[in-house]
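Participant: I'd like to ask you about the structure that follows.
What follows draws every value from the coordinates through simple rules; no lab data is involved. If you're wondering where the values come from, they're calculated on a predicted model, not measured in any experiment. Because the Cβ atoms are built from the backbone with ideal geometry, glycine has one as well, and the counts that use them run over all protein chains shown.
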Amino acid sequence: MAEEHAVRLLDTNTANQIAAGEVVEKPASVVKELVENALDAGADKIEVTIFAGGTEYIRVTDNGCGMSEADAKMAVLRHATSKLTKAEDLLSLNTLGFRGEALPSIASVSNFTLLTRPESEEFATSVHIDGGENTEVTASGGSTGTTVIVENLFFNVPARRKFLKTV
């Protein structure tokens, strides 16, 4: 009986799915987070495409600064951010996002693709993640900026998907 109630650490994917419930409540939350990322990246053009109310498909494309391959791989990890290096930085933040929670949270509950290229790079980097697992990174064509594609939102969280259908 004691074993059943033993304290243990959650695996990373489970922890990310739980955290996603705080950051990503519904498709509108995904769009908000991605648009805020685009604005923080200096974009002055942002295109949002949504199908099926956002549960099947969301695409946000911007002409912001884009990310290097190393930054793109880091951006999908929890608590990875370009906005802070120490706690004191919180006092002088001028950005919409800073926690490093949005992208990994979204990726943990969807089929997620990040396509990004800074002006200084010849090729874009594509990072694809299925429900927080099986990260695939490839070089790709793409213009300066970032595109995030979110498909099958909450496919691996049946209770959340069912809740959205009843709302």
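Participant: Label points 7 Å out from Cα along the Cβ direction at Glu25 and Thr49: separation in nm?
Facilitator: Inter-label distance under the simple model: 2.9 nm.
Participant: Something else now. So for the pair Phe155, Ala70, with labels modelled 7 Å out along Cα→Cβ, what separation do we get in nm?
Facilitator: In this crude label model, Phe155 to Ala70 measures out at 3.2 nm.
Participant: How would you rank 108-118, 137-147, 24-34, 58-68, highest first, on the average number of other Cβ atoms within 10 Å across their residues?
Facilitator: Top of the packing list down: 108-118, 58-68, 24-34, 137-147.
Participant: Show me, for region 130-140, the HN-Hα J-couplings you get by feeding each phi into the Karplus relation (A = 6.51, B = -1.76, C = 1.60, θ = phi - 60°), rounded to Hz, glycine and proline as x.
Facilitator: 9, x, x, 10, 6, 5, 10, 10, 9, 7, 8
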